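Take a look at the structure below.
The values are calculated or read from the model by the stated rules, or taken from the named source; none is laboratory data. Every value quoted in this text rests on a predicted model; they were computed, and no experiment measured them. Reconstructed Cβ throughout: ideal geometry from the backbone, glycine too, with neighbour counts over all protein chains shown.
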Ligand code: PLP
């Protein structure tokens, strides 16, 4: 049973007030709050178990290494990876995608080669590819979304041409909540011999993920959205692609041997991890993923589906609110603008006065904003601890904002 009251009690911040009102935290798409078990793991990591990893022969170093490395196995289980060697630690999705851009794509792509993207990508899955466009003449091919915000997998597959070297798509839009059938994209891309990178930043938080069933080549996640510490994360990279990759950053840990004239690389995944990592952050991420798996990703998804349905009904009842995207299978993420010219920032300020945290702006998705014909929106993004009562609080506050601006 999904015991929401008990789950909420696991997150200490949810009992605080903001501006004299109970906090209604609807900014989960940006970053999620942390359960006490994660806070405790981080505190314990520094207070009792801290030392650098991998290099020491002393007790604390071995303890920290064991805990840090055990997160690799936890991530592998969370993503159903075939092996934990396919898990490369990163500071988050942004670093993971940049890693692929530098270490896999840059050495391989020639001027005129193409990368296929959807128009609803986050900047983290756009700008690393722009670097290749600027530096080496790679062409970015954009696939549109339809009026509901859906991305047709066949349109992505059809965009793959003879010069396409990579497809890079999100599994869930951070603005519209649209869920993309990335498995269908991977099937079509594989037939054409083109690897697929999936941005799992949003989707991995809200649904069970199985990288083997998806059939992708790269799958990036970010810890702070997964109720873990900021600065934690990973990218799953298939063995086949790892074998094609150069190292990313150079430094300690990623080498086997260094002389004055030569250097040889460590085996993956260490080959792609240089320097002292976010030790305690990754340990905290392991605890967060265990927490999520304890609740059950399918249970979390079911709870959030009911929140989505309730919120969709209530928001659709506000005929002066323009909600962007209405994909049937979307996640519980709602972006909207208000008729009457209230700017998204003004709406968010009014909501903040009522204790409600939402995000306002372009959501790091400017090409999508242009596609939608808007300059900014407000976004309410729900998480595993949100309630239907909080949807009601949001709707009342929006009604108040509308009265003020009408
Ligand atoms: N991709 C998507 C879809 C996102 O929503 C985000 C974060 O908002 C990112 C990538 C970047 O994640 P991070 O900033 O944690 O690296």
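So that you can scan it fast, the table gives a plain yes or no per residue for (1) away from the ligand (no atom under 16 Å from the Cβ); (2) within 26 Å of residue 43 (Cα to Cα):
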{"position": "223", "(1), (2)": "no, yes"}
{"position": "234", "(1), (2)": "no, yes"}
{"position": "260", "(1), (2)": "yes, no"}
{"position": "276", "(1), (2)": "yes, yes"}
{"position": "289", "(1), (2)": "no, yes"}
{"position": "301", "(1), (2)": "yes, no"}
{"position": "306", "(1), (2)": "yes, no"}
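Of everything listed in (1) more than 25 Å from residue 235 (Cα to Cα); (2) within 16 Å of the ligand (Cβ to nearest atom), the single unmet condition for residue 90 is (1). Every condition in (1) within 16 Å of the chain's Cα centre (by Cα); (2) within 16 Å of the ligand (Cβ to nearest atom) is met by residue 210 except one, and the failing one is (2). Of the residues making up the range 301-329, those that are out of contact with any helix residue (DSSP H, G or I) (no Cβ under 7 Å at 6 or more places or on another chain), assigned to a helix (DSSP H, G or I) and crowded, with 20+ Cβ neighbours inside 10 Å are 303, 308.
Would you check which residues across the range 103-149 are in a loop (DSSP other than H, G, I, E, B) and within 16 Å of the ligand (Cβ to nearest atom) and list them?
119, 120, 121, 122, 126, 145, 149, listed by residue number.
When 234, 168, 183, 220 are checked against the criterion of being surrounded by fewer than 22 Cβ atoms within 10 Å (Cβ to Cβ), under 20 Å from the mean Cα position of the chain (by Cα) and either modelled with pLDDT under 95 or outside any loop (DSSP other than H, G, I, E, B) (or both), 183 stands alone in meeting it.
The set of residues in the range 366-391 being closer than 21 Å to residue 311 by Cα and in contact with a helix residue (DSSP H, G or I) (Cβ under 7 Å, 6 or more places away or on another chain) consists of 376, 377, 378, 380, 382, 384, 385, 386, 387, 388, 391.
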